[in-house]
Amino acid sequence: MTAKVPLNLYDLTRLELTELITGWDFSPVHAARLWRYLYWECVGSLADMTELPAKVRTRLQAETSVGVLPIALETDSSDGFTRKYLLSLDDAERIETVLMRFTGRVTACISSQVGCAMGCVFCATGQMGYTRHLTTGEIVAQAVHVQRVLRSQDGTRLRNIVLMGMGEPLHNYDAVLKAVDILTDGNGLSLGADHITLSTVGVVPGILRLATEKKAIRLAVSLHAATQAGRAALVPAARKWQLDELMAACRTYSETTGRRIFYEWTLIEGENDSEQHARDVGNLLRGLPAQVNLIPLNPTTGYDGAPTRSEAAKRFQKILADEFGMPSTVRQRRGIDIAAGCGQLAIATQ
Ligand code: SAH
Ligand code: SF4
């Protein structure tokens, strides 16, 4: 007989947790206290939840677990603001989570899969291939981990999350969206939905589904090229979800939700950073509520392109602004020395 896997408490919404506790004939008050332990105080062990009555704790210990992800390795960037955590999962797989401090705010970059099936040529996660989806509990645990670290340091509250770590979040739609519900619960980590950014490679059915949800999260779409052929060369998933279909889905999303989309553009020298490329993206996004996020290419072992120089990035921005009235930002480069930058997250396979 195989042992029953205990229920991971991080997998449950507050309602589900309350149903679990009351289903055992305990008062919902204990569910509320447990929720605060999990998400307000970030207590990682049932044994330490001493304000719960012994009989509640015993039942919890028998049937559930707090799915804390042990730290396998932590690395600090020489930039002084970025720390990368290699976290272990129950099946010995590992993922990476990044804590970034910017002036006045802290952002956690969290993963949604072990590896990624989408195979973007310049991305280290894509280069490692796909292993599996993360569970809701494994996604939530990363945010709790970062909040626990901040609590133990200076008590800062985690206010921003980007789903831009390993994996394609819309390929793991249900687990990711349930995690968003838990992260935004007002009695827990209480993140503002508009402080959670989900970045997708352009999974069209996922974008259309997201448009129907009443969730004010921010959507970022990885574009990188403004023609079907150019995009397919960088992003193999574009062969399945073609550029015209993607842009139609983005238009539907913005019309349905009233929200703008952030379009990401990894700037690769000589590949997609010319003045003509800037005009192409300006034309492609004309009339759409949009902001362009330019990301200078970060180095990965499987791709030998070079990042665009800052003058070319500025020229790109200026064309977008002057000729199209299109706002854009250039993403600050963070944690490059410890491979914690965009697209650098990967787990070496033995
Ligand atoms: N899977 C999602 C989110 C993760 S990657 C997506 O692809 O959107 C977050 C962003 O980093 C994406 O826009 C991605 O294209 C970009 N990126 C990937 N590899 C990169 C690299 N080597 N340098 C710069 N940006 C990269
Ligand atoms: Fe996957 Fe995003 Fe990397 Fe593409 S860029 S391989 S979708 S994680």
| task | Considering only DSSP beta bridges where both residues belong to the chain, give the percentage that are antiparallel (nearest 5). | result | 45
| remark: Relative to the chain, whose Cα atoms define the longest principal axis, helix 54-63 and its Cα axis are tilted in degrees, nearest 10, by 50
| task | Could you please tell me the mean projected area of the C-alpha convex hull for the stretch 206-260, averaged over all directions and given in square nanometres to one decimal? | result | 3.6
| With the calculation restricted to Cα positions, what are the radius of gyration and Dmax of the stretch 72-338 in angstrom? | 17.9, 52
| task | Can you figure out the FRET efficiency of residue 4 with residue 286, using R₀ = 51 Å and their beta-carbon distance, to the nearest 0.05? | result | 0.35
| query | Tilt of helix 173-183 relative to the longest C-alpha principal axis of the chain, in degrees (0 to 90, nearest 10)? | reply | 60
| field | Partnerless Cys - the chain, beta-carbon criterion under 4.7 Å | value | 42, 109, 116, 250, 342
| remark: Per DSSP, the loop-located trypsin sites (Lys or Arg not before Pro) within the stretch 215-309 having at most 11 other beta carbons within 10 Å are 286
| query | Based only on the alpha carbon positions, what is the Kirkwood hydrodynamic radius of the stretch 110-163, in angstrom? | reply | 12.6
| What percent does the relative contact order of the chain come to when contacts are Cα pairs within less than 8 Å and at least six residues apart? | 16
| query | Heavy-atom accessible area per residue, the chain, 1.4 Å probe: how many Å²? | reply | 44
| Simple spin-label estimate for residue 194 and residue 76 in nanometres, 7 Å along Cα-Cβ | 3.6
| Proximal lysines to residue 4, defined as alpha-carbon separation beneath 22 angstrom and excluding residues fewer than eight positions away on the same chain | 55
| note | Rounded to a whole %, the carbon-and-sulfur portion of the accessible area of the stretch 7-65 at a 1.4 Å probe is 54
| query | In whole angstrom, how long is each semi-axis of the equivalent ellipsoid of the stretch 59-211, when you take the square root of 5 times every eigenvalue of its Cα gyration tensor and sort them from largest down? | reply | 22, 19, 18
| request: Filter the trypsin sites (Lys or Arg not before Pro) in the stretch 1-62 down to the DSSP loop ones having no more than 11 other Cβ atoms within 10 Å, then list what survives. | output: 4
| Which angle between 0 and 90 degrees, to the nearest 10, do you get for helix 310-324 versus the longest principal axis of the chain when only C-alpha atoms count? | 80
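The values are calculated or read from the model by the stated rules, or taken from the named source; none is laboratory data. No experiment lies behind these values; they were computed from the predicted model shown. All Cβ positions, even for glycine, are placed from backbone atoms using ideal geometry, and neighbour counts span all protein chains on display. To get the accessible areas, we keep the full protein, side chains included, count just its heavy atoms, and leave off ligands, DNA and RNA. Shrake-Rupley method; radii C 1.70, N 1.55, O 1.52, S 1.80 Å.
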